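Below is one structure, written out as structure tokens; the observations come after it.
The values are calculated or read from the model by the stated rules, or taken from the named source; none is laboratory data. Note that the structure is predicted; figures quoted are calculated from it, not measured. Here the Cβ positions follow ideal geometry from the backbone for every residue, glycine too, while neighbour counts run over all protein chains shown.
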């Protein structure tokens, strides 16, 4: 079982704030019988309000499973997981869906922008789901797109944009309804170094402005410097939580080397 | 979200058109084949439709359809006239007989005799001459559609008549060896039955036919104002032992007989069922493929907080819009088909009931297509969005 974040590795400002995510002894298995895969083996993890936490580790270590449980899109088998004090296990499916729509913003590895909608329409989706009328939702979506530097492209469809621009649209969609927690799955994996760097910079500057919490799953050690804390996972467990990449990999770590 | 759901669908042009074509083709096939079927069925009772005025048709109780020959004694007419609620009752004769044309050719025909005094029962639309011309000696009326066809003249006679190939007013026919003179023509609806129809007076029609003891085919009855036709029909049955049908009832009797005895229903039913199956398979499969292609976006929408109810509404809206458009296109094409071939022998009728039935079938097709897709969307785990 992994342990909760040691005090020395917490961002002092963050630790003074409340908890955004609290996971205790979270277990998740896939399959049954002899073919069971133990994806999470008793995870303890806290994410604080206003904190950017990166989840890192080798492929298959359980990062994506953990972020899915935190985001409420996957049921855990054992343990507790609450987000802003609300435990998914205590919610009905409809309540959980509503909670996700109001509280959590998503940035996906493959963007998942609907290709037949304009980018403004894509960004307006979370607002519509939260009950705004279309006109107001589009107005706010346009404002958000302007913040991520795509104010001139609001009527374009996603396929007319580059990968970096599409990821900026995805970030705008994740932020437009002002969620308190944003979960990002490999947001830079499909981008070159410079673009990836700019995307995370943007994510941090825009997303963190409202005391939001960010959990980013990544392999990309070139963006580790943006993290307040880095949780390293291996074999379904959080084995280390540190304040910087250098603490994790030592002073000789080079950007671009495997994380 | 409904608008976005429709944009999702319509933005995928190939699949959108595929679904639309599937639904439209089903709608076309169901409507077109249905309209031909209804048109043919209407022709089975066109004789009843073309006979104006009566509220009730009184017939022998064993009569199976209007072309059936089960004549009644003439005294029955007087008994019917004596029933309370009958304003008037007139006789009608209908029989198959032999016809000889001016060129000497022979063929069979249906001779219909209407009341000598009132001429009630004569066709409403008389194009050459008038119903009153039936009072002329040996006068008969012939169907305008037959004068150049079934009753048309052969080439050598036409040449002798100065190139006239059509039967005309004044031409002399022989009906069962009795002289008959064409006094005019009438227009009636095309009939399911093939023999030409000739109208004359009741007495003359009886004389044109082989002698029989019973010579009353139908009694046409008008009810007194305010009389309930159902009650009057029952009263006639009680008083005379005969059966009385309203116009609709008599049409239904004939149509049901044809349906049961000819197999027409199963033949057209197969074509209509084929249209339905094509619709389900093409629209269902294409719609399902569309959903599968978009599964990751539905997953993303679920993760973002779209409820199952909203997703169901989105899928239903997508299916509903293609259903509505496909229905309109199919019905429009079927109506165009009917309009373009309106002047031909095509039997085509598009009553609102058929449109409603086709609409119902399209709704079922769309619901099946939507249900296949919805099942996938509803069981979809939003976690799919994190799996690359």
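Counted as qualifying within the range B:1-101 are no helices (runs of 4 or more DSSP H), as none has 2 or more residues that are away from every other protein chain (no Cβ under 14 Å), on the phi > 0 side of the Ramachandran plot and surrounded by 20 or more Cβ atoms within 10 Å (Cβ to Cβ). Exactly one residue out of A:138, A:203, A:127 is within 13 Å of another protein chain (Cβ to nearest Cβ), crowded, with 21+ Cβ neighbours inside 10 Å and part of a helix (DSSP H, G or I): that is A:127. Looking across the range B:297-331, the residues that are surrounded by 23 or more Cβ atoms within 10 Å (Cβ to Cβ) and not in a helix (DSSP H, G or I) come down to B:305, B:306. All conditions but one from (1) surrounded by fewer than 22 Cβ atoms within 10 Å (Cβ to Cβ); (2) more than 10 Å from chain B (Cβ to nearest Cβ); (3) in contact (Cβ under 8 Å) with a residue 40 or more places away in the chain apply to residue A:171; the one that does not is (1). Here residue A:120 meets each of (1) facing another protein chain (nearest Cβ under 10 Å); (2) closer than 27 Å to residue A:206 by Cα; (3) not in a loop (DSSP other than H, G, I, E, B) with one exception, condition (1). Of everything in the range A:24-44, what is crowded, with 24+ Cβ neighbours inside 10 Å and away from chain B (no Cβ under 14 Å)? Give them in sequence order. Within the range A:24-44, A:26, A:43 meet the criteria.
Scanning the range A:105-115 for residues that are more than 7 Å from chain B (Cβ to nearest Cβ), over 11 Å from residue A:176 (Cα atoms) and touching a strand residue (DSSP E or B) at 6+ places or on another chain (Cβ under 6 Å) yields a single hit, A:107. Filtering the range B:253-284 to residues that are over 30 Å from residue B:68 (Cα atoms) and either without any contact (Cβ under 8 Å) to a residue 40 or more places away in the chain or touching a strand residue (DSSP E or B) at 6+ places or on another chain (Cβ under 7 Å) (or both) leaves B:273, B:277. Only one of the numbered conditions (1) part of a helix (DSSP H, G or I); (2) surrounded by 22 or more Cβ atoms within 10 Å (Cβ to Cβ); (3) touching a helix residue (DSSP H, G or I) at 6+ places or on another chain (Cβ under 6 Å) is not met by residue A:113, and that is (1). Of the set (1) modelled with pLDDT of 90 or more; (2) more than 8 Å from chain B (Cβ to nearest Cβ), all apply to residue A:149 but (1).
Mind checking which residues of the range B:359-388 are within 14 Å of another protein chain (Cβ to nearest Cβ) and either within 44 Å of the chain's Cα centre (by Cα) or not in a loop (DSSP other than H, G, I, E, B) (or both)?
B:377, B:378, B:379, B:382, B:383, B:384, B:385, B:386
The rows are residues; the columns are (1) under 13 Å from the mean Cα position of the chain (by Cα); (2) part of a strand (DSSP E or B).
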position: A:23; (1), (2): no, yes
position: A:29; (1), (2): no, yes
position: A:39; (1), (2): no, yes
position: A:53; (1), (2): yes, yes
position: A:61; (1), (2): no, no
position: A:73; (1), (2): yes, no
position: A:80; (1), (2): no, yes
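Candidates in the range A:51-63 are the residues that are out of contact with any strand residue (DSSP E or B) (no Cβ under 6 Å at 6 or more places or on another chain) and under 22 Å from residue A:200 (Cα atoms); of these, the one that is nearest to the other protein chains (Cβ to nearest Cβ) is A:59. Every listed requirement among (1) in contact with a helix residue (DSSP H, G or I) (Cβ under 6 Å, 6 or more places away or on another chain); (2) in the same structural domain as residue B:177 (by TED's automatic domain parsing); (3) surrounded by fewer than 22 Cβ atoms within 10 Å (Cβ to Cβ) is met by residue B:226 save one, (1).
Among residues of the range B:343-366 being at pLDDT below 85 and out of contact with any helix residue (DSSP H, G or I) (no Cβ under 6 Å at 6 or more places or on another chain), the one that is nearest to residue B:16 (Cα to Cα) is B:346.
For every residue, the table says whether it meets (1) in the same structural domain as residue B:110 (by TED's automatic domain parsing); (2) in a helix (DSSP H, G or I); (3) touching a strand residue (DSSP E or B) at 6+ places or on another chain (Cβ under 8 Å); (4) farther than 12 Å from residue B:57 by Cα.
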| site | (1), (2), (3), (4) |
| --- | --- |
| B:174 | yes, no, yes, yes |
| B:192 | yes, no, no, yes |
| B:204 | yes, yes, yes, yes |
| B:236 | yes, yes, yes, no |
| B:251 | no, yes, no, no |
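Restricting the range A:68-104 to residues that are more than 10 Å from chain B (Cβ to nearest Cβ) and buried (at least 16 other Cβ atoms within 10 Å of the Cβ), the residue that is nearest to residue A:215 (Cα to Cα) is A:70.
Here residue B:57 meets the list (1) out of contact with any strand residue (DSSP E or B) (no Cβ under 6 Å at 6 or more places or on another chain); (2) under 29 Å from residue B:242 (Cα atoms); (3) touching a residue at least 40 places away in the same chain (Cβ under 8 Å) almost entirely, failing just condition (1). Taking (1) modelled with pLDDT under 85; (2) under 17 Å from residue B:199 (Cβ atoms) in turn, residue B:120 satisfies each apart from (1). Here residue B:151 passes the criteria (1) more than 30 Å from residue B:254 (Cα to Cα); (2) assigned to a loop (DSSP other than H, G, I, E, B); (3) touching a residue at least 40 places away in the same chain (Cβ under 8 Å) except the one numbered (1).
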